[in-house]
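*Asks:* I'd like to ask some things about the structure below.
The values are calculated or read from the model by the stated rules, or taken from the named source; none is laboratory data. Since the structure is predicted, the reported quantities are computational estimates derived from the model, not experimental observations. In this analysis, Cβ positions are derived from the backbone assuming ideal geometry, glycine residues included, and neighbour counts consider all displayed protein chains.
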Amino acid sequence: MTGAPLIELRGASLGYGSTPVLTGVDLSLAPGELLGVVGPNGAGKTTLLRGLLGLLEPLAGTRSGRPRSAYVTQHEQLDSLYPLTVAELVAQGGLRPRGAWRRPRPASAPAVVAALAEVDLVAASRRPFSTLSGGQLQRALLARALVAAPELLVLDEPTSGVDPESADRILALVSRLVRDAERGAVIVSHDLPRLATHVGRIAIVRDGTVRLATARELGVDQLLAAIAPAGEPSA
């Protein structure tokens, strides 16, 4: 990891209106770094992601750095009835929001092919995306994010609903994309043992705070405690 941080929060309070959800957040992400985010449901993980993406300005403290960012959603959130090929789905990553959806222009084709090559899906480019397996579809969504040449990737549960082999492949792919292009990446996941083998640091979001630790510092018991429902003790 080299250079200045892609993004940095210092003493930040993040929330909505005048009500903070998270306080005292000190977090930075360097080029080439892969950060895991864990915590119980409702603890503020989405709020943290919105703060990192610049969708929420801090209520207090500071935020610096505005890297080009791309958000990779869970594959289950796609409507399988949407009549798109894999290439058309990926091409959406190069479109600016304009209200109603429109089909991508041919000029986006080279970027689409390059992104599909990065995730080893060129051969599937003409298939309806609804025919892909869960792991293939998650890789297609990653390719959609790559079309925009992001400096920061934010992935929401990328291994949810896929088999163990596909989960390992997805996380290994993200690790390579981060390392080779000096991107930053943030992964939210409940797949804790697998996540810990791929990230350097883990942000534990719980009780209105964000605590950072290296994956090596956290054992399985501490990781499981980190996502225990609110009201149960954490490590």
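*Asks:* Could you name every one of the strands (runs of 3 or more DSSP E) located completely within the stretch 1-66 that has at least 1 residues being more than 17 Å from VAL186 (Cα to Cα)?
*Replies:* Numbers: elements: 7-16, 19-29, 34-38, 60-64.
It comes to 7-16, 19-29, 60-64.
*Asks:* Let me ask something else. Scan the stretch 215-230 and tell me whether some residue there is surrounded by 14 or more Cβ atoms within 10 Å (Cβ to Cβ), assigned by TED's automatic domain parsing to the domain that holds THR23, modelled with pLDDT of 70 or more and of a type in the set (Val, Ile, Thr).
*Replies:* Looking for residues that are surrounded by 14 or more Cβ atoms within 10 Å (Cβ to Cβ), assigned by TED's automatic domain parsing to the domain that holds THR23, modelled with pLDDT of 70 or more and of a type in the set (Val, Ile, Thr), one finds none in the stretch 215-230, hence no.
*Asks:* Kindly indicate whether any position in the stretch 130-152 is part of a strand (DSSP E or B) and under 25 Å from ARG68 (Cα atoms).
*Replies:* Taking the stretch 130-152 and keeping what is part of a strand (DSSP E or B), we get 152.
Among the residues that remain, those that are also under 25 Å from ARG68 (Cα atoms) are: 152.
Yes, there is a match, as at least one residue in the stretch 130-152 is part of a strand (DSSP E or B) and under 25 Å from ARG68 (Cα atoms).
*Asks:* Among (1) closer than 30 Å to ASP163 by Cβ; (2) of a type outside the set (Ser, Thr, Tyr); (3) modelled with pLDDT of 90 or more, where does LEU56 come up short?
*Replies:* Only one criterion in (1) closer than 30 Å to ASP163 by Cβ; (2) of a type outside the set (Ser, Thr, Tyr); (3) modelled with pLDDT of 90 or more is unmet by LEU56, namely (1).
*Asks:* Still on this structure, please answer the following. If I ask for residues that are buried (at least 22 other Cβ atoms within 10 Å of the Cβ) and either of a type in the set (D, E, K, R) or in contact with a helix residue (DSSP H, G or I) (Cβ under 6 Å, 6 or more places away or on another chain) (or both), which ones from the stretch 163-185 would you list?
*Replies:* ILE170, ARG183, ALA185
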